[in-house]
Structures are given as structure tokens and as C-alpha cells.
Amino acid sequence: MQFAFDSMLGLGLLACAAGVFWSRDLFRSVVMFIAFGLLLALTWVRLEAPDLALAEAAIGAGLTGVLLLDAIGHLRQHKEHSPRNHWLLPLLCCIALALLLILSLNARPEASISLPELVAESLPESGVEHPITAVLLNFRSYDTLLEIAVLLVAAVVAMALNDGLAATARTSAEQSSRDPVLAGFTSRLAPVILLIAVYVLWAGSYMPGGAFQGGAILAAGLVLLKLADFHIERYAESLLRLGLALGFLVFLAVATSVMIGGRPFLTYPEAFAGQFILFIEAVLTFSIGLILFSLFNQSPGQEVPHDN
Amino acid sequence: MIYLQYLLVGAGCLFFIVGTLGLLRFPDTFTRIHAITKADNLGLGLLMLGLLPSTQSVPQALKLVLIWLLVLAASATASYLIAHYVKAKSPDALPHAAETASEEQD
């Protein structure tokens, strides 16, 4: 039974991937890509990696899909469809990558230290019960700090590239026809999305979940509100910009303030590690949500309303 | 009990198959929406009812019901939006007119 399910999943993944590359319509490709992402999330669940599944469903299928759909809307305006007959080079690259992956599976070196055991040993000191959260925010918090910095830089670059364009769109698309059904549905769904985002953040300390997944759900809610013509980003633009940087700043402040007590950079006092991590994760969730949303918000799809 | 569950899940799957068949075979967007919403509403509802007796606790059961309600609301809104968009694009298209099939194929 499980084997049947797994093989259906694998075949479905391959079929979706083929659909992405071989469908003539770009829109169809994107829809297939979203379906591919959802199937991939299911595959991660089957491989017992629910953290990855959450991230894949929220970011890989959800937000990337929305961004791609947005890009298609933009492409349709300009009638600049890229020629889709360049398939030889991508195919060669894919085959080469697949061969490399298969070879590397065969020639897998023995790990000199067993990381899972190491993590399991020092889990009590980390302040959280879930190993992945412990790795992300305690043992390897450098990586997370740099990740949030990269996200912040991406959002800032998008804003810098797009400032003039967003300003013109803002004046033109003033109070367009807000669909009553969509608006009603979205306004009732928004609190539920917020609740789920906070739950995923809270659950991160003892089960799959955490800041990135919670932030992605938060961003999805904001994107939904934006698509339903609630222009939330206009109410407090300076606050939005502050919120973008808040996660990184707070993380950095906590990381450096422990140095006052003579500890190395980014090590939390063991008694308060749990509280520190939860606090950092809460601020990170907020910032990640805002950053992902502002990446969507900065995309030039905003031109659409005033062309019609 | 287990046979009732089999029956409910089987009926749910049947609704999904019929809905998908309708999505593939019906001539225009409105009838397709009509077909696929049966899968979402009734099919998922029957699946949920069939799975309810297998749940371990009340919160788990409530989560199942919540999933169904959320999908109900989302699919109703999405179907409304699609129908609204098609109607706005071709205002003279009657909901049962099969002639509009060709122009909505894209």
C-alpha cells in the first residue's frame, strides 16, 4: 500500500516536471509547477522531513507560484514571450546533474563525526526540544543570522530598483472595484491565517515549525489581502520599512549583547536559551513575513490596474 | 463501523472522479465549475466523514472539520471569481451556452 502510494507520488512528480517543461502555455507551466511543489511537499512528508515539507509548501509552491503568476501577467502586457525551444542545454544540464547525484550517492564518504548524535546529546542545553529548531537557532545560528541578512538585502534591493514605479502605480490604482465576495472571504480568513502563523512559530520549539514557516504563512496572508485590494502596505509605510529590518536588528542585538557577559558571539546563557530563542523567532517571523510580502509587493505587476 | 467508513470514503472518491471527469469533458467554464465544486464540497465532505471515526482525539476531529470548512469557503470564493471573470470577459455568454466553449479554451 505504502509502496503503491510512494510510486504514484514519484510518477506524479515526474509527470508534473514534464508538464512544466513541455506545456506550450506559460500559464499551464506555472500551474504545473505549483502542483509539482505540492507533490514535493508530500514527498518530504513521506521522507519524514516535515520541516522541509512545510517550507516547500509555503515558499516553493505558494509564494514562488504567486510570484511566477505575477510575472506572467507582466509578460502578457509586453508580449515578450521567451522562445521555448531552448530545451537542449537545460536537458544536458539536468542529465549531467542527475549523473553527478547518482555518482555522489555511490561514493558517499563516511562522516567523521555523527552530527545527529551530537545534536541529540546537546539538545537539553539548547533550550528547545525540537532538534531542527535547536540547530537553526542555537548550534548554527550564524547561518540563520546570515540568511535573514540576505533576505533583508534582497528586499532592500527590490525596493531601491522599484521605488519610482511603485509610486506611480499607487496613485493610479486608487480604490478600484473591491470585489465584495473576495473581500469578505479574505477579511474572515486573515485572522485564521495569523493564528496559524503564530501557532507554527510556537510549535517550532517542540515539533516541526518555526520562524521561516510561520513567516511564509504570514506573507501568504498578506499577499492574499493585497490581491483582494486591501492596500495594507499603504497604512504605515515607514513602519513596514522598520519591520523589514527589525528581525535582523533584534537578532544581531541579542547576539552581541551576550558578549557583555563575556560569552562568545551568538551563545545564549543556558538558563534563558529557550526564552531568547522564542523571542528571536517571534521577531524573525514578523520580519520574514514582511520581507516576503514586500518582495511580492515590489514586483512590477502593479501596473496591471491602470492599463485597463 | 469500518464498512460505513469504507462506504463514505468510496463515495467521496467517486465524487472526485466524477468531478474530474466533468472538468475534462464539459463544454464551457460554467459547467466545469459546476462539476468540480461537487468534488470539493461533497467529495471532501464525505472523505472527512469517513475519516472522522478513525481520529484519536476531539481536537484532531475538529481539525478535520476545519479543513473541510476552509476548503468549502475557499472553493466557493474561487469558483465565484472565475465565473465572475468569465462573465465580465464575455457578457453575453449565458451560463448554459455551449457555443462559448471555443473562446474560453485558452
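List the residue pairs whose Cβ atoms are under 7 Å apart, where the first residue sits in segment A:178-189 and is within 7 Å of another protein chain (Cβ to nearest Cβ), the second is of a type in the set (S, T, Y), and the two are 6 or more positions apart or on different chains.
A:V181/B:T77; A:V181/B:Y80; A:L182/B:T77; A:F185/B:T77
Based on this model, can you work out whether A:R28 counts as assigned to a helix (DSSP H, G or I) and charged (D, E, K, R)? Lay out the reasoning, then the answer.
Working: assigned to a helix (DSSP H, G or I): yes; charged (D, E, K, R): yes.
Yes: the conditions hold for A:R28.
Which residues, taken from segment B:22-61, are within 15 Å of the chain's Cα centre (by Cα) and not in a helix (DSSP H, G or I)?
The answer is B:F26, and nothing else.
With respect to A:P191, determine if the residue is more than 23 Å from A:A155 (Cβ to Cβ) and assigned to a helix (DSSP H, G or I).
yes
Quickly run through segment A:246-289 and pick out the residues that are without any contact (Cβ under 8 Å) to a residue 40 or more places away in the chain and aromatic (F, W, Y).
Start the filter on segment A:246-289 by keeping residues that are without any contact (Cβ under 8 Å) to a residue 40 or more places away in the chain, which leaves A:249-250, A:253-254, A:256-265, A:267, A:269, A:271, A:279, A:283.
Selection gives A:F265, A:F279.
No lab work stands behind these numbers, since they all come straight from the coordinates. Note that the coordinates shown come from a computational prediction; the quantities given were computed from them, not determined experimentally. Neighbour counts run over all protein chains shown; Cβ positions are idealised from the backbone, glycine included.
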